[in-house]
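Working notes for the structure below.
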Amino acid sequence: MRGKGGPGLCGSVSAPGASQTQAVRTRQNSSFKPKTTGGCPACKKGQAVNRSSTRDSLKTIGEFGLIRQVQRQWPTSSPRIITGIGDDAAMLKTPPGQQLLISTDVLIEDVHFDLNYQTPKDLGWRAGVANLSDIAAMGGTPLYLLVSMALPVRVPPQHVRELYRGIQAACHPFNVELIGGDTSSSPSQIFLSLTIMGSVRMNRALTRNHAEIGDHIYVTGTLGDSNAGLRILQTYSANRRRFRPSAIETFLVRRHLQPAPRVHVGQLLADRKLAHAAIDLSDGLSSDVRHVCQESRVGAEIRATALPLSSQLRAFARRDKRDPVEIALQGGEDYELLFTAPAKRHQNVLHVSEQTKVPITCIGEIKPKTFGQQLVLPSGRKQKLSSESFCHFNSR
């Protein structure tokens, strides 16, 4: 890809997956500076972006200077890449016996993120995880990444470098190579788009449309933590308070800012043909269950008592007088995996959990389409699974 006047930056948090965040709108030069007194790794150096004070600027280094910085920061060496950054298009070797996976995510300032309560590096991490999570949900191996962005001139180059460091940190464990992208100016907001490419063994990809009646429904990890962490950050930001988190808040904020993509779980499920259908939890459990049911033309029964909820989420819900199950159902951006598998494969699924050290919980069962999507309450009463979740065009 290339921008006007020359070669572009040639060479996605979780799913990743649409974002569920409706960011708090604060003044552009907010004095809010998240500050920790404990040891929250996710919030260290967590000052709000200083949008004006910098000796360097995007105007002075220019597009091509920025590209050169990125090349030095994230060099490529894979023999799979024939041409990468600096040419009109990347040229790649396709792994033999593999099918290609491609996914794109778009992140827009004040819609999907707010730099008043997260650092550029946090943003980069979450953007990377969102793309990695899409590949994980297909059971694939992430290979290549393209990063495009439109930036207002107020953004210091150091923050762009930090953003790339976050993306690189998320992708490094999976040996993902940066092969391209594009850069442009923006009149006001930051616009970020990541495209990830991966591969999966022929006819082994996990999709949303093959769930079968009688399948168990599983999720990885715990649910609702990210949404709780977001609410904590929004509360501090809205009240213009310094961020001195409790241990519970630290855990939940970290879960929002630094989610973990479940790539290895997805790969094992696909390689061992254990799952019939899969999706990453980016929009919220209720919404993503509905996606699988619609694509597979089935129904689902979810047991509220089976939902894996962290002790930190339960404590947060008690403090705020909220239902933790509701948070888990309608949250989003957990970037865990939801998948269905035959009941006879239950022990095999548990073995995947043991092998990857990722908790996997059975939360329900696939039912006939006429059953709809229902939630079984602790009392045993059933109710329709709520359809409330993040929707971009209903959120503003």
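The values are calculated or read from the model by the stated rules, or taken from the named source; none is laboratory data. All values reported here derive from a predicted model rather than from experimental measurement. Methodologically, a virtual Cβ is constructed for each residue, glycine included, from the backbone with ideal geometry; neighbour enumeration extends over all protein chains shown.
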* To do: Check segment 102-117 and report whether any residue there is farther than 28 Å from Arg208 by Cβ and assigned to a helix (DSSP H, G or I).
  => no
* What pairs come up if the first residue lies in segment 173-191 and is closer than 23 Å to Ala89 by Cα, the second is acidic (Asp, Glu) and assigned to a helix (DSSP H, G or I), and their beta carbons are under 6 Å apart, counting only those six or more places apart or on different chains? -> Thr183/Glu63
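Quick test for you: out of Gly364, Gly372, Gly380, pick the one residue that is touching a Cys at 6+ places or on another chain (Cβ under 9 Å), assigned by TED's automatic domain parsing to the domain that holds Leu307 and of a type outside the set (A, V, I, L, M, F, W, C). Steps first, answer last, please.
Values: Gly364 fails: touching a Cys at 6+ places or on another chain (Cβ under 9 Å); Gly380 fails: touching a Cys at 6+ places or on another chain (Cβ under 9 Å).
Answer to the selection: Gly372.
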* Among the residues listed as Ala278, Ala306, the single one being touching a Cys at 6+ places or on another chain (Cβ under 7 Å), small (Gly, Ala, Ser) and at negative phi -> Ala306
* What are the residues in segment 355-378 that are loosely packed, with under 15 Cβ neighbours inside 10 Å and of a type in the set (A, V, I, L, M), if any? -> Leu377
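To keep it simple, each residue is scored yes or no on (1) modelled with pLDDT under 95; (2) of a type outside the set (Val, Ile, Thr); (3) in contact with a Leu (Cβ under 9 Å, 6 or more places away or on another chain).
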| position | (1), (2), (3) |
| --- | --- |
| Leu115 | yes, yes, yes |
| Trp125 | no, yes, yes |
| Val129 | no, no, no |
| Ala137 | no, yes, yes |
| Pro142 | no, yes, yes |
| Leu151 | yes, yes, yes |
* Structure fact -> Only one of (1) among the polar types (S, T, N, Q); (2) touching an Asp or Glu at 6+ places or on another chain (Cβ under 8 Å); (3) modelled with pLDDT of 95 or more does not apply to Ser311, and that is (2)
* For Ser193, are the conditions met, namely being within 24 Å of Ser103 (Cα to Cα) and either surrounded by fewer than 22 Cβ atoms within 10 Å (Cβ to Cβ) or modelled with pLDDT under 95 (or both)? -> yes
* **Extreme residue, farthest from the chain's Cα centre (by Cα), among residues of segment 158-190 that are exposed (fewer than 14 other Cβ atoms within 10 Å of the Cβ) and within 18 Å of Pro261 (Cα to Cα)** => Asn175
* **Residue that is farthest from Leu377 (Cα to Cα), among those in segment 320-354 that are of a type in the set (Ser, Thr, Tyr) and either crowded, with 22+ Cβ neighbours inside 10 Å or outside the structural domain of Thr235 (by TED's automatic domain parsing) (or both)** => Tyr335
